[in-house]
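A quick write-up on the structure given underneath.
Throughout, read-outs are computed from the coordinates displayed, never taken from laboratory work. The shown structure was predicted, so the numbers you read here are calculated from the model rather than taken from an experiment. With ideal geometry, Cβ positions are generated from the backbone for all residues, glycine too; neighbour counts draw on all protein chains shown.
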Amino acid sequence: QNTHDLADYRPYPFVLSATRMHFDLQPQATRVRAALSLAPRDPDRAEDLVLDGGKAVELLSLAVDGEALDPAHVLREGETLTIAAAALPPHPFLLETEVRIDPSANTAFEGLYISNGMFCTQCEAEGFRHITFYPDRPDVMATFHVTIDSDLPVLLSNGNPVGQSQGRAEWHDPWPKPSYLFALVAGDLVAVSDSFTTRSGRRVALNVWVRPGDGDRAGFAMESLIKSMKWDEDVYGREYDLDVFNIVAVDDFNMGAMENKGLNIFNSKLVLASPETATDTDYERIEAVIAHEYFHNWTGNRITCRDWFQLCLKEGLTVFRDQQFTSDMRSAAVKRIEDVQALRSRQFREDQGPLAHPPRPDRYEEINNFYTATVYEKGAEVIGMLKRLVGDDGYRRALDLYFDRHDGDAATIEDWLTVFEDATGRDLSQFKRWYTDAGTPRLTMAEDWQPGEAGGTLTLAFTQDTPPTPGQPEKLPRVIPIAVGLIGPNGDEVAPTQVLEMTEASQRFVFQGLGSRPVVSALRGFSAPVMLSRRQDDATRAFLLAHDTDPFARWEAGRDLALAALIGAAQGQAVGSDYVEAIGRLIADDGADPAFRALCLNLPGEEEIATRLSAEGITPDPDAIHVARESLARQIAEAHLDLLSRIYDDMAVAGPYRPDAADAARRSLRNAALALLTRIDGGERAEILFGIAGNMTERLAALTALLRRGKGQAELAALHDQFAGNRLVMDKWFAIQAMAAPPAQAAAIARALSQRKDFEWKNPNRFRALLGGLSGNHAGFHAADGSGYDFTADWLLRMDPVNPQIAARMSTAFETWTRYDGGRRAKALAALEQIAAAEGLSKNTREMVSRMIA
Ligand code: HT7
Ligand code: ZN
């Protein structure tokens, strides 16, 4: 049976208390011995012992309490090993296995593999079964004692080091953990080291391990780790619980990073940073992901998930916590806007298409396909809503109770909600729909104003509905917290933010005793992940852009103005001047945060315009959207040439590069101005900046601006010459060319790049750079001749047998295919069918493609 159902959960019939492992590391033939201390859960009920074990795991020996098992009692079938109940005692016993695996043949990067001569592991979600036979499920938790034999100089595993001698290291992890948190690293590595003393006085040794030569780029990661440890103590009262915390940077890695207990493994792009090689965005992301993985120590490791359906229990909460951390470290307003932008571009897109699913799905074929924007980002939004509903104190009480009650547990979403109910007295049964229902609710708001002797009355009438999603044709109303403020005609706030709690399909809220008709600022702070529609003219939007006291709502008003202009233009209407004038007033305000001004100046992306059109029932035309966006950008540049030029000059940052929020904000505004100015000055400023800038943020911005204007070839060559040996910079080099290519040539440019010798496509970062670069070029990927679809399908087919996780993940480039015109739909469908027809297609990619075609 291929599908897994939430309803089928049953506890593992054996209790596993301790796991001892021995690794004899050899690239092609690693031997792994495991000794599992097991006991029947119910001694009166004899059950077969079923262990998970990948097909490439070769069983060498198997014994119970020191006695080799009779082969008649052992069944090796598919991805399991079953030991008959008859061969097992009704009391605690020791199961010992020895297996052989071949890390050098592991191109899927799940289990134990080799990256650049270094052994490393990735076990979430189900990678441990490629290392040894084991109950590879998150609710089976054990202490681990690991011995590693190898000639390599650095040998690491989870927990605390308990012995180190020539060619051998021994590690003990006292905290019971599921197998997905196991990790092992062995290689020629160097460390940047520091220490942290927890508030109860435990001194923790900290190491960031990188390859020799990369040590000078690991300092920022270490600073971020120390800040994270302090923040989790200050804000959540959570202390670290081992003597060491190790981070290792690895070049070949399927995702961003992994929270293995005491031994976090990171994609090197989320550790290594220097001003010359990393952008401000990279720095911010490194800080956030280091924090995210560290925060998992409590939300994920000490309290883990009962089963993979509960993935958002750890991921939604940990994303929410890393978002809070970044807000505290940088600008809360800017962070909120960035998070909403990311949610809309990734999660709303997912919710609108054939891959829509709830934050807690109840069925899957391949769990790796559910590490999605819905589980992560929407999972975090749901927690933000809970906090808004119960208040800051209620949230704190609930979290304290969660940590007290569930420390050491493998918990569920029900456990999580019960904690909130018990801590606050609230009934959360309706709220639970946010976890179980897919789709983005559409919220409409209508206003009615009645003047009166004793002051006027404003009635806000809301209706909510959620469109059908796969398997969920009808939805019941959800609890929606709607944060609203009222602004008087002179721009003063007449009613500060209050949270209206909508629970019905239609509901009215009345404000009385108002002096004059106010302007409504709704969904402040993006108080719920919904699509709000309201009738609003451009003058009101411009008013809110100028006066709203809520930074998100202010930015949103500008966004709505821009989108209205772009959507009109994409449908052939002339663009009015409201947006262009309003944006000019906003960016001229030198008192406003430069990062906020930059966010307002950056036009909505083409994908976002397409998403908005499609939500309004209009078929998006990628070429028309591209032209409309280009022409609005030019209009802005022409109308505000002097202002933009002044901003460009004023925002130059003097002195050495610092990746902090203040300097990064100035660079972001300067770069936004540069992108517009390059449309007018023939690339003069960008060419100069590329030549003189000492940091990657400005060089990349300059190069992007040039490439978008069909220039920049000399700069591309220069970047290549300088950084040919730096994989992370070369990833940018590949990505930017596909992303900034003129749409008609984008697929051809991507194809030519893919034929280069240095397109090391088996490296996930490089593959993502090129394919993700192209799919980020909306009009290029959706070229009417189908060239973007064909290129992508060809490469997905090539990647699938090598690394199915990456192929399946990148197939989401197609997830919006049904929203386009018939010609494009036919071509996209043909590409998807070609993938579906491939012999031996992985179950990862098969599941994705069949959901997209269904
Ligand atoms: N919990 C991790 C998710 C994950 C992963 C990481 C790296 C490679 C493969 C992976 N599969 C799942 C990362 C996180 O969310 O923190
Ligand atoms: Zn996570």
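Observations on the model:
- Estimated Rh, region 724-854: Kirkwood, alpha-carbon pairs, angstrom: 14.6 Å
- DSSP-loop GluC sites (Glu not before Pro) across region 785-842, with at most 10 other Cβ within 10 angstrom: Glu839
- Sorting Ser327, Ser228, Ser157, Ser533 from the fewest to the most surrounding beta carbons within 10 angstrom yields Ser533, Ser327, Ser228, Ser157.
- Between 0 and 90°, nearest 10: helix 713-723 axis offset from the chain longest Cα axis: 30 degrees
- Dipole magnitude for region 181-306: about 520 debye, using +1 per Lys or Arg Cβ and -1 per Asp or Glu Cβ, origin at the Cα centre.
- Nearest-ten-degree value, helix 379-406 long axis tilted from longest Cα axis of the chain: 30 degrees
- Summed residue charge, Cβ within 15 Å of Pro138's Cβ, Lys/Arg positive, Asp/Glu negative: -1
- Using the Cβ of Thr845 as centre and a radius below 14 Å, the other residues enclosed give a net charge of -3, where K and R count +1 and D and E count -1.
- Sorted by Cβ neighbour density within 10 Å, fewest at the top, the residues Trp298, Trp175: Trp175, Trp298
- Assigned charges on the beta-carbon of Lys, Arg, Asp, Glu; the chain dipole about Cα centre (debye): 1080 debye
- Taking the longest Cα principal axis of the chain as reference, the axis of helix 727-739 is set at about 40 degrees.
- Part-to-part distance (alpha-carbon centres) for region 498-566 and region 381-409, which is given in Å: 28 Å
- Between region 649-717 and region 153-204, the C-alpha centres lie 42 angstrom from each other.
- A DSSP coil position with no more than 13 other Cβ atoms inside 10 Å describes the following GluC sites (Glu not before Pro) in region 417-465: Glu453.
- Charge dipole (debye, nearest 20) of region 593-637; +1 at Cβ of Lys and Arg, -1 at Cβ of Asp and Glu: 220 debye
- Protection proxy ranking of 467-478, 242-253, by the mean of other Cβ atoms within 10 Å over each peptide's residues and highest first, is 242-253, 467-478.
- Glu233, Glu606 arranged by Cβ crowding within 10 Å, fewest neighbours leading: Glu233, Glu606
- Rel. contact order, % - alpha carbon contacts under 8 angstrom, at least six apart, the chain: 8 percent
- Straight-distance candidates among the lysines for linking to Lys227, with alpha-carbon spacing under 25 Å and chain neighbours fewer than 8 residues away dropped: Lys261, Lys269, Lys314, Lys335, Lys387.
- Each residue of region 598-731 gets 138 Å³ once the volume of the Cα convex hull is shared out per residue.
- The three principal axes of the Cα atoms in the chain give end-to-end lengths of 88, 66, 59 Å, sorted in falling order.
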